[in-house]
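*Asks:* For reference, the structure I am asking about is given below.
The values are calculated or read from the model by the stated rules, or taken from the named source; none is laboratory data. Just so we're clear, the structure is a prediction, and the values are computed from it rather than from any experiment. Quick reminder, even Gly has a Cβ in these numbers, built from the backbone with ideal geometry, and neighbours come from all protein chains shown.
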Amino acid sequence: MTHKGPQNRVRSSIENFILHLHPMRIDKRAIKFTRTFGLGGISALLFVILFISGIILRFSYIPTVEHAYESIVELQNHSIFGQFIRNIHHLSGMLLVVVSFLHLIRVYYTQSIFQRRAKNWIYGLILLFLVLFSSFTGYLLPWDQLSFWAVTVITRVIEYFPFIGVHIAQYIRSGDVINGNTLLNFYNLHTGVIPLVFVVLMSIHFWLVRNAGGVALPKNEHKKRVNVLPNLVVKEMMVASIVIAIIFIVSVFYNAPLLDEANPLKSPNPTKAPWYFLGAQELLLHVHPIFSAVIIPIGIGVFFIYLPYFNYKDLNIGVWFNSEKGKSLVIQSALLSVAFTFILIYLFEHFLHFEIWLSTYPSWISTGVFPFLLYVLPVSAYLTLIYKKGKSSNTEVIMSLTTILVSSYITMLMISLLLRGKGMLLVF
Ligand code: HEM
């Protein structure tokens, strides 16, 4: 009879656990770092870091208007490693938004969202929505000027939704203004409901990746299978160690922001939304809310959900940008879109005054339809040009449109983040 020593037993339990996450053997091409940049795995790691640091924070946080801010100050100044843990949680939260978005970009541009993977794209979008919702609900908890007014801005935007907007905003706030009930609701969502839903959806997401036979790989490349242990697992450990080290080191030097305690009577100038919503806030400055808060977000949401299901004829699954031509088109579209969005915003700010020129029209036409067409018409002309004159395939045209939309949003976000000063005026 053979007796397993305690060390061996621990080792085989770890192996067992790993082999529940991964198959025994895997295509060697799938573990090349530049195939995925490890972005999905890093997102999962960030979630784990957030979960653990969040549980620690929960011991000292008090979710009431009277004590929330005080409990954060107390944590930072008087708890051992309190500031450090808060910094880790804050930084990992920001990184999760960035990394899961980059992961979306990776799976999209490597054409990994079609056929068997289409369903996982939808689960991914829901996960991204959850990441944003989680970040948004966490934003309020410090109860300082930054958090209070950023959440106020967003709930006011929701009110623009016709018919149901005011009710949804009231429901989210538990009243007409942000108050103690809002704080308690956000606290419960942020520390209970959202993490739970996240775990369930992440499990389905992982299962669907395995079900599709792992990450998408090009058809006509040389295939060779290798053991997951140690080939993939060692790489995963290395990436995880580097990410953890970076988060820990940055958290020593960079403190999560905390302004003065929330004062509902005194709004800061400028009042900005959470950073990832700044693109939407920028749009709202120039375009009537019925377009900027309703039609455009719904349109873009539907477009992204529908992305795997358009009628593509020349898919190259697993290949970056589908083809060399696709790659050039994506770069060209991104550059043009950044320049165009920037110029348009500058013109809106200083020269285009539709609300005055067309003051006889209802505002949804003068500041809605006209600015909307000013963006949509040139973009449509460009897409028609690359389709007809450039003989691009429909896959390349749709990829260009996706690139234009994403680049425009990022440009608006950067403008709002870096160039908007007092009174939300553009300052260079
Ligand atoms: C936020 C939490 C997320 C986690 C933890 C996560 C995790 C992962 C992991 C570990 C993989 C396999 C390896 C890799 O591609 O890196 C994967 C694949 C995939 N993810 Fe995500 N993901 C998340 C969000 C998203 C989002 C936002 C999307 C897109 C909307 C998405 C869509 C996909 C798709 C389509 C695949 C299959 C890719 C392929 O087969 O090559 N995921 N995800």
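*Asks:* Taking region 169-185, which residues are touching a residue at least 60 places away in the same chain (Cβ under 8 Å) and within 18 Å of VAL157 (Cβ to Cβ)?
*Replies:* Within region 169-185, VAL177, ILE178 meet the criteria.
*Asks:* Across region 89-106, what is the number of residues that are farther than 16 Å from SER134 by Cα and touching a residue at least 60 places away in the same chain (Cβ under 8 Å)?
*Replies:* 4
*Asks:* What are the pairs with Cβ atoms under 6 angstrom where one residue, in region 29-44, is in contact (Cβ under 8 Å) with a residue 24 or more places away in the chain and within 15 Å of VAL99 (Cα to Cα) and the other, located anywhere, is near the ligand (Cβ under 7 Å from one of its atoms) and not in a helix (DSSP H, G or I)? Sequence gap at least six, or different chains.
*Replies:* THR36/VAL215
*Asks:* On to the next question. Hey, can you tell me all the residues within region 101-125 that are of a type in the set (Phe, Trp, Tyr), part of a helix (DSSP H, G or I) and under 23 Å from SER400 (Cβ atoms)? Don't jump to the end; show me each part of the working.
*Replies:* Looking only at region 101-125, we keep the residues that are of a type in the set (Phe, Trp, Tyr), and these are 101, 108-109, 114, 121, 123.
After this cut, where a residue has to be part of a helix (DSSP H, G or I) as well, the list is 101, 108-109, 121, 123.
Passing the criteria: PHE101, TYR108, TYR109, TRP121.
*Asks:* Kindly indicate which of ALA293, ALA245, ALA273, ALA262 is surrounded by 15 or more Cβ atoms within 10 Å (Cβ to Cβ), hydrophobic (A, V, I, L, M, F, W, C) and farther than 26 Å from THR411 by Cα. Write out each step before concluding.
*Replies:* Details: ALA293 fails: farther than 26 Å from THR411 by Cα; ALA245 fails: surrounded by 15 or more Cβ atoms within 10 Å (Cβ to Cβ); ALA273 fails: farther than 26 Å from THR411 by Cα.
Just one listed residue meets the conditions, ALA262.
*Asks:* Oh, and also: Identify all residues within region 269-293 that are at pLDDT below 95, touching a Phe, Trp or Tyr at 6+ places or on another chain (Cβ under 6 Å) and either among the small types (Gly, Ala, Ser) or in a loop (DSSP other than H, G, I, E, B) (or both); write none if there are none.
*Replies:* Matches in region 269-293: THR271, PRO274, HIS288, ALA293.
*Asks:* What are the pairs with Cβ atoms under 6 angstrom where one residue, in region 109-121, is under 10 Å from ALA212 (Cβ atoms) and the other, located anywhere, is near the ligand (Cβ under 9 Å from one of its atoms) and small (Gly, Ala, Ser)? Sequence gap at least six, or different chains.
*Replies:* SER112/ALA216; ARG116/ALA212; ARG117/ALA212
*Asks:* May I pose another question? Which condition breaks for ASP27 when tested against (1) at pLDDT below 95; (2) within 8 Å of the ligand (Cβ to nearest atom)?
*Replies:* (2)
*Asks:* Let me ask something additional. So, in region 40-64, how many residues would count as being assigned to a loop (DSSP other than H, G, I, E, B) and either buried (at least 18 other Cβ atoms within 10 Å of the Cβ) or at positive phi (or both)?
*Replies:* Going through region 40-64 one residue at a time, the tally reaches 2.
*Asks:* From the list ILE18, ILE52, pick out the single residue that is within 30 Å of the chain's Cα centre (by Cα), within 16 Å of the ligand (Cβ to nearest atom) and not assigned by TED's automatic domain parsing to the domain that holds VAL226.
*Replies:* Numbers: ILE52 fails: not assigned by TED's automatic domain parsing to the domain that holds VAL226.
Matching residue, one of ILE18, ILE52: ILE18.
*Asks:* Take the conditions surrounded by 12 or more Cβ atoms within 10 Å (Cβ to Cβ) and out of contact with any strand residue (DSSP E or B) (no Cβ under 8 Å at 6 or more places or on another chain) and apply them to ILE31. Does it pass?
*Replies:* It is false that ILE31 is surrounded by 12 or more Cβ atoms within 10 Å (Cβ to Cβ) and out of contact with any strand residue (DSSP E or B) (no Cβ under 8 Å at 6 or more places or on another chain).
*Asks:* Within region 97-144, which residues are near the ligand (Cβ under 10 Å from one of its atoms) and at positive phi?
*Replies:* Selection gives GLN111 alone.
*Asks:* Right, here's the next one. Hey, any hits in region 126-141 for a residue that's assigned to a loop (DSSP other than H, G, I, E, B) and modelled with pLDDT of 95 or more?
*Replies:* yes
*Asks:* In region 193-233, which residues are touching a residue at least 60 places away in the same chain (Cβ under 8 Å), more than 10 Å from the ligand (Cβ to nearest atom) and of a type in the set (A, V, I, L, M, F, W, C)?
*Replies:* Within region 193-233, ILE194, VAL197, ILE204, VAL226, VAL228, LEU229, LEU232, VAL233 meet the criteria.
*Asks:* Another question, then. Name the residues in region 52-65 that are closer than 19 Å to SER79 by Cβ and either in contact (Cβ under 8 Å) with a residue 12 or more places away in the chain or basic (Lys, Arg) (or both), would you? It would help to see each step written out before you state the result.
*Replies:* Filtering region 52-65 down to residues closer than 19 Å to SER79 by Cβ leaves 52-64.
Within region 52-65, SER53, GLY54, ILE56, LEU57, ARG58, SER60, TYR61, PRO63, THR64 qualify.
*Asks:* Is it the case that VAL250 is crowded, with 16+ Cβ neighbours inside 10 Å and either touching a residue at least 40 places away in the same chain (Cβ under 8 Å) or assigned to a helix (DSSP H, G or I) (or both)?
*Replies:* Working: crowded, with 16+ Cβ neighbours inside 10 Å: no; either touching a residue at least 40 places away in the same chain (Cβ under 8 Å) or assigned to a helix (DSSP H, G or I) (or both): yes.
So VAL250 fails the test.
*Asks:* In the set LEU75, LEU57, LEU96, LEU39, which member is more than 21 Å from ASN255 (Cα to Cα) and hydrophobic (A, V, I, L, M, F, W, C)?
*Replies:* Answer to the selection: LEU39.
*Asks:* Could you figure out which of (1) assigned to a helix (DSSP H, G or I); (2) among the basic types (Lys, Arg); (3) touching an Asp or Glu at 6+ places or on another chain (Cβ under 9 Å) isn't true of LYS223?
*Replies:* So the condition that LYS223 fails would be (1).
*Asks:* Out of all the residues in region 220-228, is one or more at pLDDT 95 or above, touching a strand residue (DSSP E or B) at 6+ places or on another chain (Cβ under 7 Å) and either loosely packed, with under 13 Cβ neighbours inside 10 Å or closer than 30 Å to LEU57 by Cβ (or both)?
*Replies:* No: region 220-228 contains no residue that is at pLDDT 95 or above, touching a strand residue (DSSP E or B) at 6+ places or on another chain (Cβ under 7 Å) and either loosely packed, with under 13 Cβ neighbours inside 10 Å or closer than 30 Å to LEU57 by Cβ (or both).
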